[in-house]
Amino acid sequence: MALADDIERLARTRPFSLLPREAVQLIAFSAEKRMLAANETLFEEGDVGDCGYFVLSGSIALTAGARGGHRKRIAREGALIGETAMIAEVHRPTAAQATENSLVLRISRQVFHRVLSEFPKEALRIRAELQARTRNIARELDELRVRAIDPPPAR
């Protein structure tokens, strides 16, 4: 797959879609491609994350709840895995394993931060979007808490 194709695909995905083309080009050029064989592990739940992965081809199973109550979803071509790890050190909330031969683009935190420092106006837009998403998550969690404490009357 050509670099131009990688740039186009990244440019259609948040948060990269908030960046100018030159910034997306820097990310695509600096990122590392990694081929995964079917059933190969990308990372384990609880690992410290220092990068995000953009799925170029194939699919990656994301499984959470190793300590019970498994949840699973599939990240397919065009998905960004571990966005938060591109911004700050976090522990991976899921394990990730290729379900078929897959190709991912590893985008390190160092590269992402360097690009954001070179494009401060766009970095502010990304920050604002992350803040809005965090507020929405907090609101949804609060609504769940309220329903758990004071469930609606049965009909």
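The values are calculated or read from the model by the stated rules, or taken from the named source; none is laboratory data. This structure is a prediction, so every number in the text was calculated from the model and none was measured. Don't worry about glycine lacking a Cβ; one is built from the backbone with ideal geometry, like all the others, and counts go over all protein chains shown.
Structure above, values below:
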read-out: Subset of region 1-42 (residues that are surrounded by fewer than 20 Cβ atoms within 10 Å (Cβ to Cβ), over 18 Å from S102 (Cβ atoms) and β-branched (V, I, T)); value: I7
read-out: Evaluation of S108 against (1) among the polar types (S, T, N, Q); (2) under 15 Å from I27 (Cα atoms); (3) surrounded by fewer than 14 Cβ atoms within 10 Å (Cβ to Cβ) (one fails), failing number; value: (3)
read-out: Scan of region 114-129 for residues that are surrounded by fewer than 10 Cβ atoms within 10 Å (Cβ to Cβ) and touching a helix residue (DSSP H, G or I) at 6+ places or on another chain (Cβ under 8 Å), ordered by number; value: S117
read-out: Residue within region 37-52 that is within 16 Å of D5 (Cβ to Cβ), of a type outside the set (G, A, S) and out of contact with any Cys (no Cβ under 7 Å at 6 or more places or on another chain) present; value: no
read-out: Answer from A148, A132, A96 - the residue that is closer than 28 Å to L26 by Cα, surrounded by fewer than 13 Cβ atoms within 10 Å (Cβ to Cβ) and not hydroxyl-bearing (S, T, Y); value: A132
read-out: Residue check for L103: touching a residue at least 12 places away in the same chain (Cβ under 8 Å) and out of contact with any helix residue (DSSP H, G or I) (no Cβ under 8 Å at 6 or more places or on another chain); value: yes
read-out: Matching residues, region 118-150, being within 20 Å of the chain's Cα centre (by Cα) and within 15 Å of P20 (Cβ to Cβ); value: E122, A123, L124, R125, I126
read-out: In region 50-87, the residues that are among the small types (G, A, S), under 12 Å from the mean Cα position of the chain (by Cα) and surrounded by fewer than 20 Cβ atoms within 10 Å (Cβ to Cβ); value: G78, A79
read-out: Test for N136: is it more than 13 Å from I87 (Cα to Cα) and either of a type in the set (K, R) or at pLDDT 85 or above (or both); value: no
